[in-house]
1. Suppose we keep only residues that are among the β-branched types (Val, Ile, Thr) and within 24 Å of the chain's Cα centre (by Cα) within the stretch 208-253. Which one would you say is surrounded by the most Cβ atoms within 10 Å (Cβ to Cβ)?
2. Quick one: how many residues across the stretch 7-31 are more than 16 Å from Gly48 (Cβ to Cβ) and among the acidic types (Asp, Glu)?
3. Is it the case, given these coordinates, that Arg326 is in a loop (DSSP other than H, G, I, E, B) and not aromatic (Phe, Trp, Tyr)?
4. Quick one: which of Leu84, Leu154, Leu126 is outside the structural domain of Asp287 (by TED's automatic domain parsing) and either part of a loop (DSSP other than H, G, I, E, B) or surrounded by fewer than 19 Cβ atoms within 10 Å (Cβ to Cβ) (or both)?
5. Would you tally the residues in the stretch 9-33 being crowded, with 17+ Cβ neighbours inside 10 Å and within 12 Å of Val43 (Cα to Cα)?
6. Name the pairs: first residue in the stretch 290-304 and among the acidic types (Asp, Glu), second residue buried (at least 16 other Cβ atoms within 10 Å of the Cβ) and outside any loop (DSSP other than H, G, I, E, B), Cβ to Cβ under 6 Å, at least 6 apart or on different chains?
7. Can you report the number of residues in the stretch 87-108 which are buried (at least 17 other Cβ atoms within 10 Å of the Cβ), in contact with a Lys or Arg (Cβ under 8 Å, 6 or more places away or on another chain) and assigned to a helix (DSSP H, G or I)?
8. Looking at the stretch 297-317, is at least one residue within 27 Å of Ser345 (Cβ to Cβ) and in a loop (DSSP other than H, G, I, E, B)?
Amino acid sequence: MATERPTLDTVAAAAGVSRMTVSNAYNRPDQLSLGTRQRVLAVAAELGYPGPDPTAASLRLRRSGTVGVVLTERLPYAFADPGLVTILHGIATELSAAGNALLLVPGRDADGGSLLRHAIVDGLLLCALDERDPVVTAAVERQVPMVTVGQPHLRGVPRVGPDNRRGAALVAQHLLELGHRRFAILTTASAGAGEIPRPLFGERVEGFRAAAVGGGAAAADVMIVCASENNRDAGRHAVAQLLALPAAQRPSAVFAVTDILALGGLDATAVAGIDVPAQLSIAGFDDVSAAASSSPPLTTVDHDLYEQGRAAARLVLRLIAGERVRTPRSRMALVPRASTGPAPSRSPR
């Protein structure tokens with residue numbers, strides 16, 4: 001016959017103390033003498049009692065000591081995207097210093113439903129979500145302190161992140177000054193049926209295109225190329241397709257909406273024997289650690305992803321504590337490197 005699982009009452013009876021004394025041994029040890037606490041814990045260990053249910057305790061105290069980070073992608077993506085890894089590093093650093101835990105919550109489970117409604121958290125950080133995404137509605141309905149990182153822009157909700165349109169425009173202006181007038185914007189594929197497009201990338205596409213056309217490029221000479229995913233291999237494949245075009249149709253410069261796509265583009269040029277930047281300039285966005293050490297080093301936009309993560313965590317912790325907060329301004333700067341150079345002279349047709 002199976003032995004029943006010991007409870008707080010079981011421990012109290014075996015130790016000859018009150019239920020409150022057992023509870024205090026775990027939750028308020030300062031209320032007991034050292035000897036009493038050690039005796040209670042020894043009896044609990046002998047009985048196999050694991051301690052109070054943390055879920056019940058969090059419901060009673062209305063605090064879990066946990067902040068949820070809601071992602072638009074499935075969980076493996078959080079560990080594959082170097083930009084997101086850097087943001088999460090900043091978030092984890094700040095939360096850990098404050099004695100809080102971090103819970104990663106994917107926007108949708110394997111069946112397409114939301115896991116957010118069941119997450120036991122004190123506050124939420126929403127990372128790179130479109131405001132139309134159902135998970136945003138689910139987050140708002142939780143009515144817990146919330147901060148967005150990058151996207152979405154929600155009324156009354158603090159946001160940490162760069163001005164993506166302005167950052168992309170800085171890249172366009174840089175390339176225009178180098179004489180480029182034929183561009184490809186490398187982004188991710190359009191969303192399929194029932195899916196939501198990545199909003200950060202849309203803002204970067206729009207910002208670059210508007211600045212390029214406003215600076216003298218013909219609208220027809222700013223093409224948009226969609227990679228299948230936001231990863232290096234997808235970027236390599238997309239740029240390889242560009243390089244397969246007839247020379248007269250190729251762009252002289254590629255702007256990738258993320259560094260990871262741009263680094264894939266550099267891989268494609270190396271395989272094809274294309275000289276960067278003499279034959280093709282490539283620029284990215286995010287300034288991930290690999291950007292400075294690539295071959296050649298990648299021109300990109302630095303907007304301090306690590307500090308954005310820390311700032312977002314600080315804001316949500318202050319909101320949890322009942323404080324009023326103001327949205328901070330994010331630093332952003334173009335970082336010109338050797339992957340961009342003067343536009344090559346067009347050979348006569």
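The values are calculated or read from the model by the stated rules, or taken from the named source; none is laboratory data. Keep in mind that this is a model prediction, so the values were computed, not measured. Neighbour counts run over all protein chains shown; Cβ positions are idealised from the backbone, glycine included.
1. Filtering the stretch 208-253 for residues that are among the β-branched types (Val, Ile, Thr) and within 24 Å of the chain's Cα centre (by Cα), the one surrounded by the most Cβ atoms within 10 Å (Cβ to Cβ) comes out as Val225.
2. Residues in the stretch 7-31 being more than 16 Å from Gly48 (Cβ to Cβ) and among the acidic types (Asp, Glu): 1 in total.
3. Answer is yes for this residue.
4. None of the others qualify; the one that does is Leu154.
5. 7
6. What qualifies is Asp302/Val335.
7. Of the residues in that region, 3 qualify.
8. First, the residues of the stretch 297-317 that are within 27 Å of Ser345 (Cβ to Cβ): 297-300.
Restricting the remaining residues to those that are in a loop (DSSP other than H, G, I, E, B) gives 297-298.
Yes; the residues of the stretch 297-317 include at least one that is within 27 Å of Ser345 (Cβ to Cβ) and in a loop (DSSP other than H, G, I, E, B).
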